[in-house]
Amino acid sequence: MRVQALFIQEFYKMAGRFQIDVDLPEGSTVLDLIEVLDREFIRGFKKAVLEDNGEKIRWPVEIAVNGRRIDFLQGLHTKLNEGDKVLFSPRALFVV
């Protein structure tokens, strides 16, 4: 399946672009996406987004799937679907 990773502010600078289309296996989660982005596209991205243990989002980073913050879904274990848009922001924001 293909999802869109979207970046704003400092993450835009890290990625060098606003959007990266990523192919993931069915059943992948937000955490899987972060790992693929770090491994294949943006070195150091996982460390910028997650705490050292890799199981908690680094404050004040916000992640939203299709406009909904993942802390109101299943957090890093939120399952992704074909065509989902995942927004990464280095600072807390309200997604409308």
### Summary
For the range 1-23 the number of residues that are buried (at least 17 other Cβ atoms within 10 Å of the Cβ), over 21 Å from A92 (Cα atoms) and touching a residue at least 40 places away in the same chain (Cβ under 8 Å) is 1
### Entirely in the chain, the strands (runs of 3 or more DSSP E) that have 1 or more residues that are aromatic (F, W, Y)
2-7, 85-89
### Task
Answer yes if at least one residue in the range 14-32 is among the acidic types (D, E) and modelled with pLDDT under 95, and no otherwise.
no
### Query
Counting only residues that are in contact (Cβ under 8 Å) with a residue 40 or more places away in the chain and under 10 Å from the mean Cα position of the chain (by Cα), which one in the range 45-92 is surrounded by the most Cβ atoms within 10 Å (Cβ to Cβ)?
F88
### Query
Does I42 meet the test of being surrounded by 14 or more Cβ atoms within 10 Å (Cβ to Cβ), farther than 14 Å from R2 by Cβ and free of Cβ contacts under 8 Å to residues at least 60 places away in the same chain?
yes
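The values are calculated or read from the model by the stated rules, or taken from the named source; none is laboratory data. Predicted model, so just to flag it, every value in this text is computed and none were measured. Counting neighbours? That spans all protein chains shown, and the Cβs are built from the backbone with ideal geometry, glycine included.
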